[in-house]
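The values are calculated or read from the model by the stated rules, or taken from the named source; none is laboratory data. Bear in mind that the values here come from a model prediction, so they are computed numbers and not experimental data. Cβ coordinates were reconstructed from backbone atoms using ideal geometry, including for glycine residues, and neighbour counts include every protein chain displayed.
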Amino acid sequence: MSIISIREQQKTETGFRAILSFDGGTEYSVEVCDPFSAEQEAELGWYFERWLVFPLTDTVRAEQARDNVRSYGESLFEQVFKRDADAYSNYKAMRDSLTQVEIIGNSTEFQALHWESLHDPQMPRSLAVDCSMVRKRVRAIAGNAAIAPSSVIKLLVVTARPGEEHDVNHRTISRPLIELIQQSQLRVQVDLLRPATFEALTEHLDDKGAGFYHIVHLDMHGAVMSYAAVQDLREQEQKSQPTSRLTFQKFGEELQPFEGLKAFLSFESGTPGQSDLREAAELAKLLTGKQIPVCILNACQSAKQVRGDERETSLGAALMAAGMQTVLAMGYSVTVSAAEILM
């Protein structure tokens, strides 16, 4: 198994200084900067999140955005591998046996770079297509999750659909996941939480005790929002459903006004048509407190780090910072079919 590591060292005026190494051997100092302008980054968001709604329109604009993804990846590749002849030689010697690329760093901006796009111009596709791309943090945590001995992997699936009949079917993701586990005869015990309220999740985990579950799979809507956006969403829901309203943490911690942006997940509230927004810190506190090592966030924008914001806006990153050992999350809003394929 061949591994390439790119480890953040320090921030510079134009980007970052990092250390490149191959299988833990010789280290090379590299300078990395963001290949995109703010306008190009916004265009990338449009391409991944909005264009698929009407894919037969704006095709020229979409093609340009798609080409920019490759240009971005090739620029990163040039900065990391090709500015030192010895480093590039090491890469070429390892290229055919490469199994993993590790991105190691603590700063939100370094992790916000689109490392998955790394593209060798001599190869037909990005490195991440043929090897795993893993992001790691090196902050000290209180300790790894203490899991009770078990002969099976214990998985809790939480599927929240506040919009009910106006929302995605609650079995769209969970059904193929469970069928795959059964067909493959995997030693996995699957528990489905209903109703998918934050209160029910808290009570269920309290009942099972710390260290019971290995994985929690959260299948629900997510977004990175300002406090004003949360308020606007509340007003929109009130207008569309006069008898309903967006709840503000009736159970647990109250949502207080905040500056900047935060990542949220949308749980059911227990009342038809009402959503219950929960932010990263509260969710992280619950999951890490129950000694759960792995969290799968099948939620839009759950790995989105806002460009230029040094604060943590990524729900996935916030969970990692709070002590989760492994988190799988999404950087953009995705279609239902894409979410199903991911699972």
| Members of segment 8-17 found to be more than 11 Å from Val32 (Cβ to Cβ) and under 25 Å from the mean Cα position of the chain (by Cα), listed by number | Gln10
| field | Unique match (being farther than 18 Å from Leu127 by Cβ and more than 21 Å from the chain's Cα centre (by Cα)) among Ala93, Ala85, Ala42 | value | Ala85
| task | Among the residues of segment 260-295, count how many are among the small types (Gly, Ala, Ser), crowded, with 19+ Cβ neighbours inside 10 Å and not in a loop (DSSP other than H, G, I, E, B). | result | 5
| field | Total residues in segment 34-53, condition in a loop (DSSP other than H, G, I, E, B) and either closer than 22 Å to Gly222 by Cα or touching a residue at least 12 places away in the same chain (Cβ under 8 Å) (or both) | value | 4
| task | Could you tell me which numbered condition Thr26 fails, if it satisfies all but one of (1) modelled with pLDDT of 90 or more; (2) out of contact with any strand residue (DSSP E or B) (no Cβ under 6 Å at 6 or more places or on another chain); (3) buried (at least 18 other Cβ atoms within 10 Å of the Cβ)? | result | (3)
| message | Checking Phe36 against (1) at pLDDT below 95; (2) over 26 Å from Asp130 (Cα atoms): exactly one of these is not met. Which one? | response | (2)
| query | For Arg70, are the conditions met, namely being farther than 22 Å from Tyr28 by Cα and either surrounded by fewer than 14 Cβ atoms within 10 Å (Cβ to Cβ) or touching a Leu at 6+ places or on another chain (Cβ under 6 Å) (or both)? | reply | no
| query | Can you find even one residue in segment 83-96 that is part of a helix (DSSP H, G or I), closer than 19 Å to Ser2 by Cβ and among the basic types (Lys, Arg)? | reply | yes
| said: Checking the conditions here, which among Leu205, Leu180 is crowded, with 18+ Cβ neighbours inside 10 Å, more than 22 Å from the chain's Cα centre (by Cα) and assigned to a helix (DSSP H, G or I)? | reply: Leu205
| said: Taking the conditions exactly as written (within 26 Å of Ser266 (Cβ to Cβ), touching a helix residue (DSSP H, G or I) at 6+ places or on another chain (Cβ under 8 Å) and at pLDDT 95 or above), does Leu205 satisfy them or not? | reply: yes
| Right, Arg61: surrounded by 13 or more Cβ atoms within 10 Å (Cβ to Cβ) and assigned to a helix (DSSP H, G or I) or not? | yes
